[in-house]
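Asker: Take this structure first; my questions come after.
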Amino acid sequence: MTQPNLQIQQVIEAVEQVVIGKRETIKLAVIALLAKGHVLIEDVPGVGKTMLVRAISKVTNAEFRRIQFTPDLLPSDVTGVSIYNQDKQTFEFRAGPIMGNIVLADEINRSSPKTQSALLEALEEGKVTIDGETHQLHDPFFVMATQNPIEHGGTYPLPEAQLDRFLFRIKMGYPTEADELELLSMTEHGHPIDHLQPVIHVDDLVIMQKEVPAVYVDGAVKQYIVSLVRETRQLEGVELGVSPRGAIALMRASQALAYVEGRSYVLPDDVKYLAPYVLGHRLVVDTDLLSAQSEDAEKIEQVLRKVSVPTASKDFVR
């Protein structure tokens, strides 16, 4: 019987001291971080989205940056700008807030498509290009973006090309009554995040990220992933199914989940569990943002019911 990765469990438990009752959400965020993916959180204000990102950066000793997306935000406000230094008679690069380990892109749909697109190269390639010069981003580099699915006034919905750059789309939801009562008690004399201490070093994250791709994926599991993705392209009411990039994302996320669970191999159950978070937002359906998650989730459930789960592959161990 495998044992969960001890260091990762320490990270999850430390964040859980601040983000009460959201262990699954915390775990998904950590999985995305290990898979070198990024997360889009769609939820109403005040449920702990920002606190989740800050807590993860604190317990991993990572450099935290926050970008508040507003209608007047410019691409250079995100990536940085070259400024002429008169004394040296040369241009110097002034890094933008994207140059951090863990970046919160708050209310990303508040900014114009031009500014949103400034994130595309960073999310996909881990670098930005300013005035023809390429600048590598920090390692590790992890973005958690938020948007409010309720308010539509003055917002710019993310285009499909940008949604596809996010490994997961998740919701946090309201806490239970017991969790909300505990939250009041723990914040009565201050917020516990002020006392949160690192449990691992950011360099440990880099090592873990390099170990994740070594997790074995059996041929039957790969076939299961491909079957799921191809089935999304046959769904009624879906204008565009999941791309091959989505299949790769699902495999990589499944490797990270197996790694978190302390396994050296991926199980079909890993794929099945993560499929709604990885594939849902990659479907193009004719619906509004408010109902998009429930609509997408229903479509992915249809796919999971229709595609057979592989069972005979010697426990999928190499």
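The values are calculated or read from the model by the stated rules, or taken from the named source; none is laboratory data. Please read all numbers here as calculations on a predicted model, not as lab measurements. Positions of Cβ are generated from backbone atoms using ideal geometry, with glycine treated the same way; all protein chains shown enter the neighbour counts. Just so you know, the surface numbers come from the protein's heavy atoms only, side chains and all, with ligands and any DNA or RNA stripped out. Shrake-Rupley method; radii C 1.70, N 1.55, O 1.52, S 1.80 Å.
Asker: What are the residue pairs meeting all of these: first residue in the range 109-124, first residue open to solvent by 10 Å² or more (accessible area, probe 1.4 Å), second residue assigned to a helix (DSSP H, G or I) and not basic (Lys, Arg), Cβ atoms under 6 Å, and 6 or more apart or on different chains?
Answerer: Ala118/Pro75; Ala118/Val78; Ala118/Thr79
Asker: Let me ask something else. Condition first: hydrophobic (A, V, I, L, M, F, W, C) and part of a loop (DSSP other than H, G, I, E, B). Can you find one or more residues in the range 22-29 that meet it? Outline the logic, then answer.
Answerer: Pass one, the range 22-29, residues hydrophobic (A, V, I, L, M, F, W, C): 26, 28-29.
From what is left, the residues that are part of a loop (DSSP other than H, G, I, E, B) are none.
Within the range 22-29 (the criterion being hydrophobic (A, V, I, L, M, F, W, C) and part of a loop (DSSP other than H, G, I, E, B)), the answer is no, since none of the residues qualifies.
Asker: Moving to a separate point now. Restricting to the range 261-273, count the residues that are part of a helix (DSSP H, G or I) and crowded, with 24+ Cβ neighbours inside 10 Å.
Answerer: Keep residues of the range 261-273 that are part of a helix (DSSP H, G or I), which gives 268-273.
The next check asks that each one be crowded, with 24+ Cβ neighbours inside 10 Å; those that pass are 270-271.
The qualifying residues number 2.
Asker: Return the total of residues in the range 35-53 being among the hydrophobic types (A, V, I, L, M, F, W, C) and under 10 Å from the mean Cα position of the chain (by Cα). Break it down into steps so the answer makes sense when it comes.
Answerer: First, the residues of the range 35-53 that are among the hydrophobic types (A, V, I, L, M, F, W, C): 35, 39-41, 44, 47, 51-53.
Filter again for under 10 Å from the mean Cα position of the chain (by Cα), leaving 35, 39-41.
Final tally of qualifying residues: 4.
Asker: Out of all the residues in the range 209-236, which are in a loop (DSSP other than H, G, I, E, B) and open to solvent by 50 Å² or more (accessible area, probe 1.4 Å)? Full working, then the answer.
Answerer: Start the filter on the range 209-236 by keeping residues that are in a loop (DSSP other than H, G, I, E, B), which leaves 215, 217-218, 233-236.
Arg233, Gln234, Glu236, listed by residue number.
Asker: Could you tell me which numbered condition Ile248 fails, if it satisfies all but one of (1) in contact with a helix residue (DSSP H, G or I) (Cβ under 8 Å, 6 or more places away or on another chain); (2) surrounded by fewer than 22 Cβ atoms within 10 Å (Cβ to Cβ)?
Answerer: With respect to (1) in contact with a helix residue (DSSP H, G or I) (Cβ under 8 Å, 6 or more places away or on another chain); (2) surrounded by fewer than 22 Cβ atoms within 10 Å (Cβ to Cβ), Ile248 is out only on (1).
Asker: Is one or more of the residues making up the range 158-181 within 24 Å of Arg282 (Cβ to Cβ), out of contact with any Gly (no Cβ under 8 Å at 6 or more places or on another chain), open to solvent by 70 Å² or more (accessible area, probe 1.4 Å) and modelled with pLDDT under 80? Spell out how you get there, then give the answer.
Answerer: Taking the range 158-181 and keeping what is within 24 Å of Arg282 (Cβ to Cβ), we get 158-173.
Those still in the list that are out of contact with any Gly (no Cβ under 8 Å at 6 or more places or on another chain) too: 158-163, 165, 170-171, 173.
Next cut, open to solvent by 70 Å² or more (accessible area, probe 1.4 Å) only: 160, 171.
Filter again for modelled with pLDDT under 80, leaving 160.
Yes, the range 158-181 has at least one match.
Asker: While we're looking at this one, here's another question. Among the residues of the range 279-290, is there at least one that is β-branched (Val, Ile, Thr) and either assigned to a helix (DSSP H, G or I) or buried (at least 18 other Cβ atoms within 10 Å of the Cβ) (or both)?
Answerer: Residues of the range 279-290 β-branched (Val, Ile, Thr): 284-285, 287.
Remaining after also requiring either assigned to a helix (DSSP H, G or I) or buried (at least 18 other Cβ atoms within 10 Å of the Cβ) (or both): none.
Checked against the condition, which is being β-branched (Val, Ile, Thr) and either assigned to a helix (DSSP H, G or I) or buried (at least 18 other Cβ atoms within 10 Å of the Cβ) (or both), the range 279-290 yields no hits at all.
Asker: Step by step: first the residues of the range 54-88, then only those that are surrounded by 21 or more Cβ atoms within 10 Å (Cβ to Cβ) and over 18 Å from the mean Cα position of the chain (by Cα), then the one that is nearest to His195 (Cα to Cα). Which residue is that?
Answerer: Among them, the one singled out is Val78.
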